[in-house]
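> A single structure is presented below for examination.
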Amino acid sequence: MKDWLKKTLSNKIKNVKITNKLDTHPCIVTADNMSFLRHIIKTNYLQREKISDFYNVVNLNLEINPKNGLIKALYSMHKKD
């Protein structure tokens, strides 16, 4: 499922990880460099510099919780296809 998610979301995320850090949430999006991401958000850097490819600039990661019901349902739907 990780490979399928990574392929499906390849234009938005860099990597998919399985995590046990999440208790109730199905997933979380993280960035390799959170301080850079905070700077971009605070200063509106992307709008000023006319950078339209936000996802390639910040290198986002998707961390999924395999114990969550939503992720389990997504996995079973993916297996059926």
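FYI, it's all coordinate maths here, none of it is from the lab. What you see is a predicted model; the values in this text were computed from it and never measured. Neighbour counts are summed over all protein chains in view; Cβ atoms, including those assigned to glycine, are modelled from backbone coordinates with ideal geometry.
> What value, in deg cm²/dmol to 500, does the helix sum -39500 (n - 2.57) over DSSP H runs of n ≥ 4 give at 222 nm once divided by the residues of the chain? Could you put the intermediate results ahead of the total?
Numbers: 5 runs with 38 residues, N = 81.
Helix contribution divided over all residues of the chain: -12500 deg cm²/dmol.
> I want the local charge near ILE13. Using Cβ-Cβ distances under 12 Å, sum +1 for each Lys or Arg and -1 for each Asp or Glu among the other residues. Display every interim value, and only then the final one.
Values: positive: LYS2, LYS6, LYS7, LYS12, LYS14, LYS17; negative: ASP32, GLU63.
My count for the surroundings of ILE13 gives +4.
> Then there's this: Might you report the magnitude of the Cβ-based charge dipole of the chain about its Cα centre, with Lys and Arg at +1 and Asp and Glu at -1, to the nearest 20 debye? Could you put the intermediate results ahead of the total?
Details: 15 positive and 7 negative charges, 22 e Å.
Here the chain has a charge dipole of around 100 debye.
> Counting only DSSP beta bridges with both residues in the chain, what percent are antiparallel, rounded to the nearest 5?
Values: 5 of 9 bridges.
Looking only at bridges with both residues in the chain, the antiparallel portion is about 55 percent.
> What distance in nm separates the two pseudo spin-label positions at PHE36 and ILE18, each 7 Å out from Cα along the beta-carbon direction?
Between PHE36 and ILE18, the label points sit 2.9 nm apart.
> For a quick check: with amide H placed at 1.01 Å from N, whose amide H comes under 5 Å from LYS17's, ignoring anything fewer than 5 positions away on the same chain?
For LYS17, the qualifying residues are LEU62, GLU63, ILE64.
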